[in-house]
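The values are calculated or read from the model by the stated rules, or taken from the named source; none is laboratory data. Keep in mind the model is a prediction, meaning the values are calculated, not measured. Cβ coordinates were reconstructed from backbone atoms using ideal geometry, including for glycine residues, and neighbour counts include every protein chain displayed. The protein model used for the area step is the full one, side chains on, heavy atoms only, and it has no ligands, DNA or RNA in it. Shrake-Rupley method; radii C 1.70, N 1.55, O 1.52, S 1.80 Å.
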Amino acid sequence: MTNRYLLALDGGATKTTMTIRTTEGRELFSATSTSSNYQTVGTEHVQHVFTGLLRSAAAHLPKLHIDVAVFAVSGVDTNQDKKIIAEIIEESTARSPFTFGQILLENDAEATVKGLGENNVSLLISGTGALCYSVIDHNTFRTGGWGHRIGDEGSGYWIGKHIAKAIFRAADGRNEKTALTELVLHGHNVTSTDELYNFIYSSDYTNTRLAELSAYLQKAVDQQDTVAQKIAQRAAKELVLLVTTALKNAGYQSETHTLFLNGGVLKNNCYVRDAIIKSLNETHPNLSIHLCEEKPLEAIFKRGVNELQRIQLN
C-alpha cells in the first residue's frame, strides 16, 4: 500500500481534529478546530470547520489523491443527519484541491469501534452522553445515544442531573443529606444552594457543565455517601443495559467478544466501572473487558486502513 493516503476526521461536540497520513501511519498533516456537531453549532459552522481544515491541509501539502477519507462525526445518528452532513462534506471536498476515492461518513463512536476491531467487538461510551456499539458478523448494532432530552441514561449529564436533584431535594428535606452538597458547592465556589441554583440556571451553564458534576460522584462514594452510591449503582445498571441489549440485538450467544470502555465516567469513576465489570462478568463470562487506551482519532485512522484493505481485496 505504498503511496496511499488516508484522511481521518474526528468531529466531536467540543473540537474537531483532522489528520492526513500514509497508510503506514506517517503523518503529513494534523490540525484541530472547533465543534462539528451540527445539532449544537449549526450547519454553517460545520461547513466552516470542514472547509477550513481542508484548506489548511492544502496550504501545507501538494495536491494528493486521498484514497479513503473517514469523517467520524458526533450527532450523526439518523439517515436525515447523514444526509445533512454528507452534503456539507461534498461541498467542502469539492472546494479542496485534493481528489477523493472512498468517503465514509459515520457516527464518531461507530467509526471508533470499527477501528478498534473489525469484528466481535463492542464499545461502551459514557461521557457527556452514553451509547454502545456492537459489531458481530460484520453487522453493527447500537443502543442509546438518544440525547439528554430523552435518553443518555448513565452518562455524565445524567449523573450530573441526578447529583443536582439530590442536592436540592436534600435542601428541601425531601432527601437525606449528602456529601455531594459540600463537594459541589465548594467546587463551584459558592456557599449556598441558592447561589448554586442561580449558577445552574445562568445563561452560560451548558449541558457539558452539568455533566461535569459527575466528577464529584466518586469523591462522595469514597466518603461512603449512600446517596452517591445509589446514583452510581443506577448509572452502572443503565450502562450494563446498553451493553446487554446491544449484544442481544446483535445475536450474541456466548462466544469470545471484546468490550472496550471509554468516556470520562468510565475512566474516572472506578465504582461505576467496577460495578459494570462485575455485573457483565456474571452474565456474560466470555466478554473480555478493557478500558480503551487508544485515542479515538487513532482508531478512526485504523478504520480507514481497514476500509482500504477491503477495497483492495475486492
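Would you mind telling me which numbered condition in (1) part of a strand (DSSP E or B); (2) at pLDDT below 90 GLN39 fails?
(1)
Could you check the range 147-177 and list, in sequence order, the residues that are at pLDDT below 90 and either in contact with a strand residue (DSSP E or B) (Cβ under 8 Å, 6 or more places away or on another chain) or under 15 Å from ALA235 (Cα atoms) (or both)?
Matches in the range 147-177: HIS148, GLY151, ASP152.
Of the numbered conditions (1) open to solvent by 40 Å² or more (accessible area, probe 1.4 Å); (2) more than 24 Å from THR16 (Cβ to Cβ), ALA275 satisfies every one except a single condition; which is it?
Unmet condition: (1).
Within the range 143-166, is there a residue that is under 23 Å from LEU287 (Cα atoms) and part of a strand (DSSP E or B)?
Filtering the range 143-166 down to residues under 23 Å from LEU287 (Cα atoms) leaves 143-145, 153-155.
With part of a strand (DSSP E or B) added as a condition, the list becomes 143-144.
Taking every residue of the range 143-166 in turn, at least one turns out to be under 23 Å from LEU287 (Cα atoms) and part of a strand (DSSP E or B).
I'd like to verify a number: residues in the range 157-190 that are closer than 14 Å to ALA220 by Cα, of a type in the set (Ser, Thr, Tyr) and open to solvent by 20 Å² or more (accessible area, probe 1.4 Å), how many?
1
Check whether at least one residue in the range 244-261 is surrounded by fewer than 22 Cβ atoms within 10 Å (Cβ to Cβ), without any contact (Cβ under 8 Å) to a residue 40 or more places away in the chain, within 25 Å of GLY147 (Cβ to Cβ) and among the hydroxyl-bearing types (Ser, Thr, Tyr), and report yes or no.
The answer is no, given that none of the residues of the range 244-261 is surrounded by fewer than 22 Cβ atoms within 10 Å (Cβ to Cβ), without any contact (Cβ under 8 Å) to a residue 40 or more places away in the chain, within 25 Å of GLY147 (Cβ to Cβ) and among the hydroxyl-bearing types (Ser, Thr, Tyr).
Could you tell me whether any residue of the range 108-116 is surrounded by fewer than 22 Cβ atoms within 10 Å (Cβ to Cβ) and either over 11 Å from the mean Cα position of the chain (by Cα) or modelled with pLDDT under 90 (or both)?
no
Identify all residues within the range 136-145 that are crowded, with 18+ Cβ neighbours inside 10 Å and under 14 Å from ASN107 (Cα atoms); write none if there are none.
Initially, the range 136-145 is screened for residues crowded, with 18+ Cβ neighbours inside 10 Å, giving 136, 141-145.
Listed by number, the residues that qualify are PHE141, ARG142, THR143, GLY144, GLY145.
Among (1) surrounded by fewer than 17 Cβ atoms within 10 Å (Cβ to Cβ); (2) free of Cβ contacts under 8 Å to residues at least 24 places away in the same chain; (3) closer than 19 Å to SER214 by Cα, which single condition is GLY151 missing?
With respect to (1) surrounded by fewer than 17 Cβ atoms within 10 Å (Cβ to Cβ); (2) free of Cβ contacts under 8 Å to residues at least 24 places away in the same chain; (3) closer than 19 Å to SER214 by Cα, GLY151 is out only on (1).
Which residue pairs have Cβ atoms under 9 Å apart, sit 6 or more places apart or on different chains, and have a first residue in the range 39-67 that is among the acidic types (Asp, Glu) and a second that is open to solvent by less than 90 Å² (accessible area, probe 1.4 Å) and assigned to a loop (DSSP other than H, G, I, E, B)?
ASP67/MET1; ASP67/ARG4; ASP67/THR23
When you scan the range 201-314 for helices (runs of 4 or more DSSP H) that lie fully inside it, which ones turn up with 1 or more residues that are in contact with a Gly (Cβ under 6 Å, 6 or more places away or on another chain)? Even if it seems obvious, please write down each step before you answer.
Working: elements: 207-211, 215-222, 226-249, 264-268, 270-283, 296-313.
Ranges flagged: 207-211, 226-249, 264-268, 296-313.
Okay, residues lined up against (1) of a type in the set (Phe, Trp, Tyr); (2) part of a strand (DSSP E or B); (3) buried (at least 18 other Cβ atoms within 10 Å of the Cβ); (4) in contact with a His (Cβ under 6 Å, 6 or more places away or on another chain):
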| position | (1), (2), (3), (4) |
| --- | --- |
| THR16 | no, yes, yes, no |
| GLY25 | no, no, no, no |
| ALA31 | no, yes, no, no |
| ARG55 | no, no, no, no |
